[in-house]
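**Student:** I have a structure here, written as structure tokens, and I will follow up with some questions on it.
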Amino acid sequence: MSKKMSIRDLRKEEVMWPGNPACQGCGGSIIGRLIFKALGRNSARVEVASCAPGFMNIRVPSFFGPAFEGAAAFMTGLARGYKIIGREDIVVAGLIGDGGTADIGFQGLSGAAERNENVFWFTYDNEAYMNTGGQRSSATPEFASTSTTPVAKMSRGKTSEKKNVPMILALHHVPYVATASVAYPEDLTAKIVYGKELRGFRYMHINSPCPTGWGTDPKDTIKIARLAVESGLWPLYEILDGRHFKLTYKPRELKPVSETLKIQGRFRHLKDEEIASIQKATTENWSRLLAIDGKDIF
Ligand SMILES: Cc1ncc(C[n+]2csc(CCOP(=O)(O)OP(=O)(O)O)c2C)c(N)n1
């Protein structure tokens with residue numbers, strides 16, 4: 001289980017070069033910085049086509065950029081190579097977008113998880129293909145307006161629900177699966193510090209607001225992410241050995257989902273009944289998670 005840690009426990013040395021080319025308010029670049037502060041320099045950074053190679057001006061000595069669909073296969077080879085030369089201490093860390101995770105890299109990801117490869121996969125989830133103009137991915141939530149699910153007379157945004165990748169990964173019975181949020185850095189880094197000591201396949205799924213794609217004010221990135229957690233839209237949990245489920249943060253009372261939806265341009269079109277439908281699904285999901293908290297679920 002992840003131990004509570006202070007953000008001050010993180011290595012003091014800065015891992016990010018000054019002068020970041022990310023968009024203002026980019027959740028992903030904050031996440032990347034926190035990940036490599038928690039992992040340290042003894043890690044190999046793997047990124048595929050996405051915003052990450054742009055916003056990740058990180059001082060980690062090894063950087064690899066395989067083909068979009070090939071992240072998991074590449075990470076597999078890297079981890080096995082490190083094993084052969086006796087360097088299993090190096091964490092092979094993939095920082096992959098939701099498109100590279102839930103869609104284009106999914107086949108390889110599932111294969112590597114099933115083989116329990118010794119890698120740590122981080123998904124920064126900005127809920128669309130942001131680097132190429134904000135097209136929907138399977139991680140885009142229902143009703144969100146994107147460049148391929150625009151809101152018009154006959155269209156109310158994305159028509160299907162968000163794919164639940166962390167739960168799918170848990171069903172691969174891997175040693176560690178966790179969700180996290182850019183608004184809860186202590187929770188996020190404690191989970192990384194815990195996960196980096198484990199061996200085998202580790203997966204973390206992190207909510208990463210994107211002002212450019214979500215139509216939000218850059219200063220609201222953390223507020224939006226926090227409200228997502230406080231409303232139950234983005235539950236924070238971990239699953240050990242694909243079995244033991246634990247909520248790592250339980251708001252005393254859930255805030256209404258409307259508080260976070262109403263400050264995002266991609267949801268500006270929502271009618272009251274659509275917000276009510278998101279609210280119902282979120283409340284029901286939260287009750288299900290409360291019921292399995294602290295239990296073996298699979
Ligand atoms: C096989 C392949 N398909 C499509 C592309 C074009 N492409 C480059 S980046 C990108 C979007 C990536 O989206 P995501 O993984 O969600 O990361 P984000 O851009 O949101 O950071 C796409 C579609 C590509 N480079 N390779």
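The values are calculated or read from the model by the stated rules, or taken from the named source; none is laboratory data. None of these values were measured; they are calculated from a predicted model. Cβ sites come from the backbone with ideal geometry, for glycine too, and all protein chains shown count toward neighbours. Just the protein is used for accessible areas: all its heavy atoms, side chains included, with ligands, DNA and RNA removed. Shrake-Rupley method; radii C 1.70, N 1.55, O 1.52, S 1.80 Å.
**Student:** Note down the net charge around Ala73, summing +1 for each Lys or Arg and -1 for each Asp or Glu among other residues with Cβ under 12 Å from its Cβ.
**Tutor:** 0
**Student:** I would also like to ask the following. What size of dipole, in debye to the nearest 20, comes out for segment 153-194 about its Cα centre when the only charges are +1 on Lys and Arg C-beta atoms and -1 on Asp and Glu C-beta atoms?
**Tutor:** Its charge dipole is roughly 440 debye.
**Student:** Ignoring ligands, DNA and RNA, how do Phe64, Phe298, Phe120 rank by accessible area with a 1.4 Å probe, largest first?
**Tutor:** Accessible-area ranking of Phe64, Phe298, Phe120, largest first: Phe298, Phe64, Phe120.
**Student:** So, one more: Tally Lys/Arg at +1 and Asp/Glu at -1 over every other residue whose Cβ is under 10 Å from the Cβ of Ser62; what's the total?
**Tutor:** Local charge sum for Ser62: +2.
**Student:** Right, here's the next one. How would Tyr249, Tyr184 line up by accessible area, probe 1.4 Å, largest first?
**Tutor:** Tyr249, Tyr184
**Student:** So for segment 152-191, taking the charge dipole from beta-carbon charges (+1 Lys/Arg, -1 Asp/Glu), which of Thr159, Tyr184, His173 sits furthest toward the positive end?
**Tutor:** Positive-most Cα among the choices belongs to Thr159.
**Student:** Right, something else. Quick check: the angle from helix 272-292's long axis to the longest principal axis of the chain, C-alpha only, nearest 10 degrees?
**Tutor:** So the inclination is approximately 40 degrees.
**Student:** Quick check: the angle from helix 185-196's long axis to the longest principal axis of the chain, C-alpha only, nearest 10 degrees?
**Tutor:** Approximately 40 degrees, to the nearest ten.
**Student:** If you roll a 1.4 Å probe over the heavy atoms of the protein chains, what accessible area per residue do you get for the chain, in Å²?
**Tutor:** 44 Å²
**Student:** Would you mind counting up the charge near Gly134? Only other residues with Cβ under 10 Å from its Cβ, with Lys and Arg at +1 and Asp and Glu at -1.
**Tutor:** That works out to +1.
**Student:** Which is farthest toward the positive dipole end of the chain among Ala228, Phe55, Gly99, measuring Cα position about the Cα centre, with Cβ charges +1 (Lys, Arg) and -1 (Asp, Glu)?
**Tutor:** Comparing the listed Cα positions along the dipole, Phe55 ranks first.
**Student:** At a 1.4 Å probe, what is the % contribution of carbon and sulfur to the accessible area of segment 7-296?
**Tutor:** Roughly 54 percent, rounded to a whole number.
**Student:** Let me ask something else. So what is the calculated 222 nm ellipticity per residue for the chain, using -39500 (n - 2.57) for each DSSP H run with n of 4 or more, over all residues, to the nearest 500 deg cm²/dmol?
**Tutor:** Rounded to the nearest 500, the figure is -9500 deg cm²/dmol.
**Student:** With a 10 Å radius around each residue's Cβ, average the other Cβ atoms per peptide and rank 145-158, 93-106, 72-85, highest first.
**Tutor:** Taking the mean over residues of other Cβ atoms within 10 Å, the ranking is 93-106, 72-85, 145-158.
**Student:** Taking the Cα centre of the chain as the origin and placing charges on Cβ (Lys, Arg +1; Asp, Glu -1), which of Gly200, Gly25, Phe68 is farthest toward the positive end of the dipole?
**Tutor:** Gly25
**Student:** Going down the table (Lys162/Lys191; Lys196/Lys280; Lys153/Lys280; Lys163/Lys246; Lys223/Lys280), which pairs top 32 Å between alpha carbons?
**Tutor:** From Lys162/Lys191; Lys196/Lys280; Lys153/Lys280; Lys163/Lys246; Lys223/Lys280, over 32 Å: Lys196/Lys280.
**Student:** Sticking with this structure for a sec: Report Leu109's accessible area, 1.4 Å probe, all protein chains in place, as a number in Å² to the nearest 10.
**Tutor:** For Leu109, the solvent-accessible surface is approximately 0 Å².
**Student:** Out of Gly213, Gly28, Gly65, any idea which swings most in a Gaussian network model of the chain, alpha carbons joined below 10 Å?
**Tutor:** For the chain, modelled as a Gaussian network with Cα springs under 10 Å, the answer is Gly65.
**Student:** Could you give the dipole magnitude of the chain about its Cα centre, charging the beta-carbon of Lys and Arg +1 and that of Asp and Glu -1, in debye to the nearest 20?
**Tutor:** Its charge dipole is roughly 420 debye.
**Student:** Further, regarding this structure: For Glu69, Glu127, Glu253, give me the order by solvent-accessible area with a 1.4 Å probe, most accessible first, ignoring ligands, DNA and RNA.
**Tutor:** The ranking, largest first, comes out as Glu253, Glu69, Glu127.
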